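Data block below; observations after.
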Amino acid sequence: MKLTYTTEGNRICLSNGTKEKHLEWIHAGLLRVYENKNSEELVHLYYRNEAVESKIVTEGDNLIIQAENYEIRVDEELTLHITRNGQPYFEEYAGEDAKIYEEDKDWDLAKLEGHKEEASLADFKAQMTFRLFDDEDKIYGLGDKAAHLNRRDYEYISWNTDDPSQHNESYKSLYKSITYLLVNHHKTSYYGVFYPSSYKCSINLGKYNKKFMYIGTQKGEYDYFLLLGDNPAEITKNYTELVGRTLFTPMKFLGYHASRWSYSQEEMKAIREFHNKAQMPIDYIHMDINYMDHYKVYTVAENYFDDLKKFSAELKEDGIGLIPIIDPGVKVEQGYELYDHLTANHGFASRNGEDYVNAVWPGDSKYPNYFDEKTSDYLTEVTDRFLEEYDLAGIWCDMNEPASFNGPLPDDVEFPVNDKMYYHDEVHNLYGEYMTRCIAKAFTKNNLRPSVITRAAFATSSPYTTSWNGDNQSLWDHLRTSLPQVMTMNMSGFVVNGVDIGGFGNDSNKELLIRWVEANMFNPFLRNHSALNTRYQEPQAFDEETVEIYKKFIDLRYQFLPYLYDLLHKAHVTGEPVYRPLFYDFPTDENTKEINDQVMIGGSVMLAPILNQGQKSRVVYLPEGKWVNYFTNEVMEGGKEYIVPMKLNETGLFIKAGAMIPMFEGLRHIDKSKINTLCLYLAPGSEKSEYAHYEDDGETLDYQKGVFNEYHFVRKGNVLTMKMKHDGYSSDYHMLKVFFGGTVKSIELTKELEIIL
Ligand code: GLC
């Protein structure tokens with residue numbers, strides 16, 4: 001068989017006489033490989049097309065394509081073998097053993113003892129198979145899975161699933177489907193793969209056969225994006241550019257959220273009073289499902305609040321916003337306005353032409369067809385009115401996998417859009433995203449940045465919403481998992497993400513809660529939330545000591561707020577994650593590859609908390625360079641491990657020597673217009689450093705029109721200078737306060753300045 005090819009712009013069409021394969025360069029860091037493209041009618045991707053020069057030559061039975069520093073060898077089976085600067089980089093795998101057979105398992109017997117039947121997929125319409133070079137290959141990615149960073153040897157099924165039992169590393173599906181893998185091999189080589197189909201697929205990372213990993217789909221197409229680059233940073237940026245960059249939330253959203261299923265009005269008042277008395281920062285209280293009238297979405301139960309609007313206003317005076325939960329399921333009840341309207345206007349999913357009914361909290365419920373613009377616009381209006389009517393601060397979207405208490409939605413549930421019919425098997429993984437798109441519009445139409453949280457999501461959802469990782473439990477194991485989970489979500493483009501602090505299910509306890517807040521204080525989304533019938537787990541539910549320690553770390557979080565906000569803005573613009581594994585910043589350091597219990601927050605701050613019951617010291621790995629222990633000011637040499645003592649009220653916080661960190665002082669709530677002093681902490685241990693600080697109004701979309709400031713700080717020895725690189729916002733700052741080597745200097749913040757430290 002002879003290989004032939006044709007080219008058209010950036011596309012090369014290869015044929016071996018029996019089949020065809022297409023290679024399409026989107027730009028030098030992104031190659032699409034496909035036989036047939038997956039539909040992009042509902043999956044929104046962002047393309048930056050740039051010409052890539054390719055040279056194609058025939059070599060024996062193979063074709064060789066040279067482009068940039070890559071050489072792609074295509075063999076007679078149309079299998080790709082890519083080298084980069086002459087080194088093995090990426091290979092498809094086409095061995096005889098790559099055909100997947102599903103084993104026959106005796107589930108009937110196992111089920112007798114209560115074992116749960118596990119899903120498995122085979123008989124693929126399309127299977128993309130990639131070679132694993134050796135046992136040392138690491139495979140990261142896939143968003144929220146409850147596992148360590150390296151997912152090698154596991155199998156996942158991309159299918160958004162609501163399952164509140166104890167999540168662990170053997171869970172194949174959780175709430176989100178983020179079909180993105182980041183692979184490291186030969187120590188320093190990295191590439192990424194993104195599978196852009198919303199249909200269910202199996203992602204097997206060397207479990208079936210250690211020589212390869214595969215993505216297999218029964219309904220999607222052979223079509224994947226290969227993300228190329230020098231290191232995780234480049235690959236992540238290329239990936240997030242394709243799927244859409246993270247939502248830039250209001251600054252306030254980075255504050256502390258207090259929640260429980262389900263606080264009464266009295267309990268919410270008590271939270272406010274407690275935070276006032278303890279002077280502990282807080283920005284939001286969440287309203288879980290009990291506030292609704294019989295779980296009817298967009299209603300408020302009579303007598304749940306004396307007067308919700310008045311109560312909201314009172315909380316607002318104290319700087320606290322109320323965030324209600326909204327689920328998609330609409331109670332079947334004639335006379336309920338929302339139900340009647342959507343029924344009359346064909347706004348619900350259907351089956352065989354009749355509205356489809358399943359059950360969620362309200363009992364029998366129907367699912368709005370968020371894919372249909374008319375329905376979605378209507379629900380945006382309903383959301384906007386609801387926010388306005390009760391002066392609410394955000395929306396928490398839950399149960400949007402979508403959850404269903406009467407068995408799964410059948411594949412053929414219908415979601416009509418204009419004259420086209422989409423079915424549940426295609427839209428399932430996108431349902432959560434389309435709900436958040438609809439809700440986010442209720443903010444953007446008013447020139448506000450969305451304050452939206454979701455449980456379910458697809459790879460492309462992060463431009464519309466923040467997220468949390470669902471129903472974890474008050475277990476030490478789930479505390480440990482929270483770090484790789486939030487790091488991987490960040491690496492998968494979902495920056496404002498967090499887990500329920502203290503654990504949602506089961507009973508928390510003093511030590512666990514304290515270690516949890518110490519470990520999660522820099523989670524971009526920071527919320528303490530617990531389930532119905534569990535022990536109360538607010539710090540005040542324990543004792544004075546818990547309150548004192550909890551406050552210490554919430555105060556610290558608020559102190560680092562401008563740093564987090566700068567990082568979030570950067571993530572929104574460049575795709576650089578905020579909360580990331582050490583290998584992101586130190587990609588050639590082998591020691592960093594499997595560190596699950598330390599986190600980089602931006603490039604300058606590293607957290608190394610205690611994650612085990614009873615433990616009072618831990619090993620901390622400091623990568624190359626110098627580091628400063630934030631609490632002791634000790635300058636420490638990197639490239640080695642230390643044993644660091646950490647009493648119950650201590651955690652590990654290390655700053656890169658010389659780093660500049662913008663900080664705020666004494667905040668209790670975040671109201672950007674009232675923050676008049678910018679602090680700058682200068683870590684010791686280096687002669688030179690620089691930092692760019694971003695400022696805007698913290699809440700509107702005006703920044704998109706240039707209404708922001710950028711301050712460029714440079715320190716050389718004991719001279720600190722600042723110049724404004726962008727001057728578009730009438731600043732709220734009056735003073736700059738610099739902390740350096742035990743001294744503090746305050747100076748009026750003008751557009752250009754020089755300070756001798
Ligand atoms: C789901 C959510 C949880 C919420 C509960 C009641 O379990 O994951 O956060 O509290 O529903 O609404």
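Per the Kirkwood treatment, what hydrodynamic radius in Å, one decimal, follows for region 197-294 from the mean inverse distance over all distinct Cα pairs?
With all distinct Cα pairs of region 197-294 included, I get 18.9 Å.
For the full complex of protein chains and a 1.4 angstrom probe, list R48, R455 by accessible area with the highest value first.
Greatest to least solvent exposure: R48, R455.
Just round it to a whole percent: the fraction of Cα-Cα distances in region 153-219 exceeding 13 Å.
Value for region 153-219 (Cα pairs over 13 Å): 68 percent.
Semi-axes of the equivalent ellipsoid for region 48-113, please: Cα gyration tensor eigenvalues, times 5, square-rooted, ordered largest first, whole Å.
After scaling each eigenvalue by five and taking roots: 41, 16, 10 Å.
Give me the extension gain from E637 to T444: residue separation times 0.36 nm, minus the current Cα-Cα distance, reported in nm with one decimal.
Answer, rounded to one decimal: 64.7 nm.
Give the Cα extents of region 709-753 along the principal axes, in whole Å, largest first.
33, 20, 11
Over the alpha-carbon set of region 285-440, divide Rg by the Kirkwood Rh and report the Rg/Rh ratio to two decimals.
The Rg/Rh ratio comes out at 0.98.
Work the Kirkwood hydrodynamic radius out for region 232-374: mean of 1/r over every pair of different alpha-carbon atoms, inverted, in Å.
Answer for region 232-374: a Kirkwood hydrodynamic radius of 18.1 Å.
Would you mind giving the three semi-axes, in whole Å and largest first, of the ellipsoid equivalent to the chain according to its Cα gyration tensor?
They are 40, 35, 25 Å, listed from largest to smallest.
For the chain, what does -39500 (n - 2.57) per DSSP helix run (n ≥ 4), summed and divided by total residues, give at 222 nm, in deg cm²/dmol to the nearest 500?
So the helix-based figure for the chain works out to -6000 deg cm²/dmol.
Just to be sure I understand the curve: with the Debye formula and one point per C-alpha of region 115-179, what is log10 I(q)/I(0) at q = 0.15, 0.20 Å⁻¹?
Taking Cα atoms of region 115-179 as identical point scatterers yields -0.55, -0.94.
Let a ≥ b ≥ c be the square roots of the eigenvalues of the Cα gyration tensor of region 532-673; is it rounded (a/c under 1.5), or, if not, prolate (a/b larger than b/c) or oblate?
Verdict is oblate for region 532-673.
Enumerate the helices in the chain for which the Kyte-Doolittle hydropathy averages 0.0 or more and the C-alpha atoms extend at least 18 Å along the helix's axis, using complete DSSP H runs.
561-574
What do you get for Rg/Rh over region 413-453 if you use C-alpha atoms and the Kirkwood form of Rh? List each step's numbers first, then the result.
Working: Rg = 13.0 Å, Rh = 11.6 Å.
Ratio value, two decimals: 1.12.
Taking the Cβ of I178 as the center, what net charge do the other residues with Cβ under 15 Å away carry, scoring Lys and Arg +1 and Asp and Glu -1?
+4
Give me the mean projected area, in nm² to one decimal, of the convex hull enclosing the Cα positions of region 12-136.
Here the figure is 12.1 nm², rounded to one decimal.
Could you compute the net charge surrounding K441? Neighbours are other residues with a C-beta less than 15 Å from the C-beta of K441; K and R count +1, D and E count -1.
For residues surrounding K441, the net value is -2.
Please give me the summed charge of the neighbours of R455: other residues whose Cβ is under 9 Å from its Cβ, Lys and Arg +1, Asp and Glu -1.
-3
Pull out a ≥ b ≥ c, the square roots of the eigenvalues of the alpha-carbon gyration tensor of region 1-45, then state rounded if a/c is under 1.5, prolate if not and a/b is larger than b/c, and oblate in the remaining case.
Details: a/c = 3.07, a/b = 1.61, b/c = 1.91.
Because a/c hits 1.5 or more and a/b fails to exceed b/c, region 1-45 counts as oblate.
Express the carbon and sulfur contribution to the solvent-accessible surface of region 321-401 as a percent, rounded to the nearest whole number, probe 1.4 angstrom.
With neighbouring chains kept in place, the figure for region 321-401 is 42 percent.
With the Cα gyration tensor of region 557-600 giving a ≥ b ≥ c as the square roots of its eigenvalues, does the rule (a/c under 1.5 for rounded; else a/b larger than b/c for prolate; else oblate) give rounded, prolate or oblate?
On the way: a/c = 3.55, a/b = 1.71, b/c = 2.08.
It is oblate, given that a/c is not under 1.5 and a/b is not larger than b/c.
Cα to Cα, under 26 Å, and not fewer than 8 places away if on the same chain: which lysines meet these conditions relative to K187?
Partners found: K138, K145, K207, K210, K211, K237, K593, K626, K640, K656.
Of all the Cα-Cα pairs you can form in region 349-501, what percent are over 19 Å apart? Can you show the working numbers first?
Values: 6803 of 11628 pairs.
When every Cα pair of region 349-501 is considered, 59 percent fall beyond 19 Å.
Based on Cβ point charges of +1 for Lys and Arg and -1 for Asp and Glu, what charge dipole magnitude is obtained for the chain about its Cα centre, in debye rounded to the nearest 20?
My answer is approximately 2060 debye.
Kirkwood hydrodynamic radius, region 650-709, all distinct C-alpha pairs: what's the number in Å?
14.0
Just to check, using Stokes-Einstein with a Kirkwood Rh over alpha carbon pairs, what's the diffusion coefficient of region 624-757 at 10 °C and 1.306 mPa s in µm²/s?
For these conditions, the coefficient is 97 µm²/s.
The values are calculated or read from the model by the stated rules, or taken from the named source; none is laboratory data. Every value quoted in this text rests on a predicted model; they were computed, and no experiment measured them. When we count neighbours, we look across all protein chains shown, and the Cβ atoms used for this are built from the backbone with ideal geometry, even at glycine. With ligands, DNA and RNA removed, areas are computed over all heavy atoms of the protein, side chains included. Shrake-Rupley method; radii C 1.70, N 1.55, O 1.52, S 1.80 Å.
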